[in-house]
Amino acid sequence: MRIALSSDERTELTDFLIRELRERGHEVLLFGAIAENDPDVDWPLASSRAARAVVNGEADEAIVCCWTGTGASIAANKVRGIRAALCHDAETARGARIWNHANVLALSLRATSIPIAKEILDAWFETPFSEDEWNLQQMARIRALEAEFSSGE
Ligand SMILES: O=C(CO)[C@H](O)[C@H](O)COP(=O)(O)O
């Protein structure tokens with residue numbers, strides 16, 4: 001897959017993610033402080049640019065990082081069509097895929113160790129979206145909320 005990866009800071013975790021994603025065979029598109037020549041290093045810009053790459057079709061999915069992970073997830077979720085989930089463990093990542101059809105993984109640079117990040121990536125990539133009727137209804141509700149609060153731009 002093509003994975004957009006953003007961060008407002010380069011850390012051991014972002015270095016790990018780039019290496020690990022490439023080793024898993026993904027093409028990695030970099031945004032923010034981890035990219036060369038990207039002036040948009042602040043978390044709202046870096047994260048929304050990665051999210052935009054997903055809705056534009058430039059990337060299949062994104063991973064967005066900031067110190068807490070909260071700002072990166074909030075910014076990504078402002079992009080129409082994005083369902084970003086801040087995950088601190090593999091079980092949360094699994095649930096975000098099954099029940100939320102999450103297409104953006106948000107990570108905290110502060111709270112995510114390398115071994116936990118590896119478990120989160122395993123769960124993220126191996127867990128399919130649930131397509132059962134009840135779950136599809138919840139996803140339709142999310143789309144309805146998005147339409148209700150969208151300015152139409
Ligand atoms: O977690 C974050 C946003 O949610 C940012 O990474 C954090 O605010 C960056 O702070 P600073 O620029 O002072 O290092």
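The values are calculated or read from the model by the stated rules, or taken from the named source; none is laboratory data. Model, not experiment: these values are computed from the prediction. Ideal geometry is used to build each Cβ from the backbone, glycine not excepted, and the neighbour counts take in all protein chains shown.
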Original post:
Can you pull out the residues in segment 100-118 that are aliphatic (A, V, I, L, M) and away from the ligand (no atom under 16 Å from the Cβ)?
Top reply: A102, I114, I116, A117
Original post:
Out of L17, L29, L13, L45, which single residue is more than 11 Å from the chain's Cα centre (by Cα) and more than 25 Å from D122 (Cβ to Cβ)?
Top reply: L45
Original post:
Which pairs do you get when a residue that is at positive phi, found in segment 39-63, comes within reach of a residue that is at pLDDT below 95 and more than 14 Å from the ligand (Cβ to nearest atom), reach meaning Cβ atoms under 8 angstrom, with the pair 6+ apart or on two chains?
Top reply: none
Original post:
Which residue out of R97, R80 is under 18 Å from I3 (Cβ atoms) and either away from the ligand (no atom under 13 Å from the Cβ) or of a type in the set (D, E, K, R) (or both)?
Top reply: R97
Subject >> Condition check for R24: closer than 26 Å to E148 by Cβ, in contact (Cβ under 8 Å) with a residue 12 or more places away in the chain, more than 11 Å from the chain's Cα centre (by Cα) and away from the ligand (no atom under 14 Å from the Cβ) >> reply: no
Original post:
Which is surrounded by 15 or more Cβ atoms within 10 Å (Cβ to Cβ) and closer than 18 Å to H26 by Cβ, of L107, L86?
Top reply: L107
**OP:** Starting from segment 72-91, keep only residues that are modelled with pLDDT under 95, then list their pairs with residues that are crowded, with 19+ Cβ neighbours inside 10 Å and not in a strand (DSSP E or B) whose Cβ atoms are within a distance under 9 Å, requiring at least 6 positions of separation or different chains.
**Re:** none
**OP:** Kindly indicate the residue of segment 15-57 that is buried (at least 22 other Cβ atoms within 10 Å of the Cβ) and of a type outside the set (G, A, S) and also nearest to A117 (Cα to Cα) among those meeting that condition.
**Re:** L17
**OP:** Determine, yes or no, whether G71 is surrounded by 18 or more Cβ atoms within 10 Å (Cβ to Cβ) and under 24 Å from A144 (Cα atoms).
**Re:** yes
